[in-house]
Amino acid sequence: MIQKGKKIWMDGRLLDWDSAQVHVLTHTLHYGLGVFEGIRCYETPRGPAVFRLREHLERLLRSAHIFMLQVPYSLQELQEAVLQTIRANELKECYIRPIVFVGTGAMGLYAVDNPVHVAIAVWPWGAYLGAEGLKKGIRVKVSSFVRGHPNSYMFRAKVCGYYVNSQLAKREAIACGFDEALLLDADGFVSEGSGENIFMVRQGVLRSTPLTTILEGITRDSVITFARDEGIPFEEARFSRDELYIAEEAFFTGTAAEIPPIRELDGRAIGQGCPGPITRRLQELFFQTVRGQNERYGHWLTYL
Ligand code: PY5
């Protein structure tokens, strides 16, 4: 359960937490066409700062564009709304959830005249896959559920309905005693976690999946930037599950999950079965950056 906050921003106004409600015939609730973001605000020596706010909101607007949803707010207005919502909730650290959804009106699938709503909620959210998992690594299972075909799902967009597939995978992984699921694509190559991108290290080379059936993750982009700046060789290439079984290191990236090392996949230890040196270095750079302790990436922070 998340901790209840004070205010939620909805369609241009800050409402009391309990008043931020929608009608049961809200179109998105029935058919899943809505787009959203997950952003984090961290405490820094100069006060709370939002990590890569602009990039997240740009992706939100791109998601809406792909699905032809007319968002009635500009990037600047959304940026201001996020900051206003965090201030109103008086939180130093939080997760930020903007959502664009289709309201009431037509109940058929062609609902282009229904109003498009925007809401922004924030809440304190610790390590999504557990503090222990972030430190020592998590246990992952290749899912029996497959990521959709790019002609069925457009993965440049972060769409509510896609997370039905993710939840099937997540529930299966947990029912089998694992922490997280890894989905393969329709060709059998590694795609991504239920809510995370994946990286592996093989023969000293850091590798991530191409952007074919995955969300274009902002944490993923940050990690690639760190790797380039650190001189860690990086390539984008598809790989199969057995390459992960024999990888030296592997980890997930995501806003909610941050950078959890993967210590086991399908019962096989990855590397030494504990976080490897490249994973630990990238984690360190990430946490220094989001906590305002690395000037080099200071431009990624928006202070309240
Ligand atoms: N892939 C999927 C399917 C995701 O849902 C996410 C983010 C990512 C990758 C990583 O993207 P980014 O690094 O830009 O966050 N998932 C959301 C998050 O806020 C929702 C998780 C429940 O992390």
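The values are calculated or read from the model by the stated rules, or taken from the named source; none is laboratory data. Fair warning: this is a prediction, and the values are worked out from it, not measured in the lab. Virtual Cβ from ideal backbone geometry, glycine too; neighbours counted across all protein chains shown. Areas reflect the complete protein model, heavy atoms only, side chains present, ligands, DNA and RNA absent. Shrake-Rupley method; radii C 1.70, N 1.55, O 1.52, S 1.80 Å.
Please verify whether residue 128 is touching a residue at least 12 places away in the same chain (Cβ under 8 Å), under 24 Å from residue 5 (Cβ atoms) and of a type in the set (Ser, Thr, Tyr), treating the condition exactly as stated. Talk me through it step by step, then tell me what you get.
Numbers: touching a residue at least 12 places away in the same chain (Cβ under 8 Å): yes; under 24 Å from residue 5 (Cβ atoms): yes; of a type in the set (Ser, Thr, Tyr): yes.
Yes: the conditions hold for residue 128.
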note = The residue from 173, 88, 119 that alone is of a type in the set (A, V, I, L, M, F, W, C), in a strand (DSSP E or B) and modelled with pLDDT of 95 or more is 119
query = Tally time: how many residues in the stretch 156-193 are surrounded by 18 or more Cβ atoms within 10 Å (Cβ to Cβ), within 12 Å of the ligand (Cβ to nearest atom) and under 22 Å from residue 267 (Cα atoms)?
reply = 10
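Here is a yes/no grid of residues against (1) free of Cβ contacts under 8 Å to residues at least 40 places away in the same chain; (2) within 13 Å of the ligand (Cβ to nearest atom); (3) open to solvent by 10 Å² or more (accessible area, probe 1.4 Å):
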| position | (1), (2), (3) |
| --- | --- |
| 234 | yes, no, yes |
| 237 | yes, no, yes |
| 244 | no, no, no |
| 256 | no, yes, yes |
| 263 | no, no, yes |
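Taking the residues in the stretch 1-24 that are assigned to a strand (DSSP E or B) and among the basic types (Lys, Arg) as candidates, determine which candidate is nearest to the chain's Cα centre (by Cα).
Our first condition is that a residue be assigned to a strand (DSSP E or B); within the stretch 1-24, this holds for 7-10, 13-16.
Restricting the remaining residues to those that are among the basic types (Lys, Arg) gives 7, 13.
Values: 7: 23, 13: 26 Å.
Among those that are assigned to a strand (DSSP E or B) and among the basic types (Lys, Arg), it is 7.
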key: Unmet criterion (only one of (1) of a type outside the set (Phe, Trp, Tyr); (2) part of a loop (DSSP other than H, G, I, E, B); (3) farther than 23 Å from residue 93 by Cβ; (4) within 16 Å of the ligand (Cβ to nearest atom)) for residue 200   = (2)
ask   = What single numbered condition from (1) closer than 15 Å to residue 112 by Cα; (2) touching a Pro at 6+ places or on another chain (Cβ under 6 Å) fails to hold for residue 28?
value = (2)
message = Looking only at the stretch 1-58, how many residues end up being away from the ligand (no atom under 16 Å from the Cβ) and among the aliphatic types (A, V, I, L, M)?
response = 11
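Go through the stretch 256-304 residue by residue and tally those that are closer than 20 Å to residue 40 by Cβ and in a strand (DSSP E or B).
Number of matching residues: 5.
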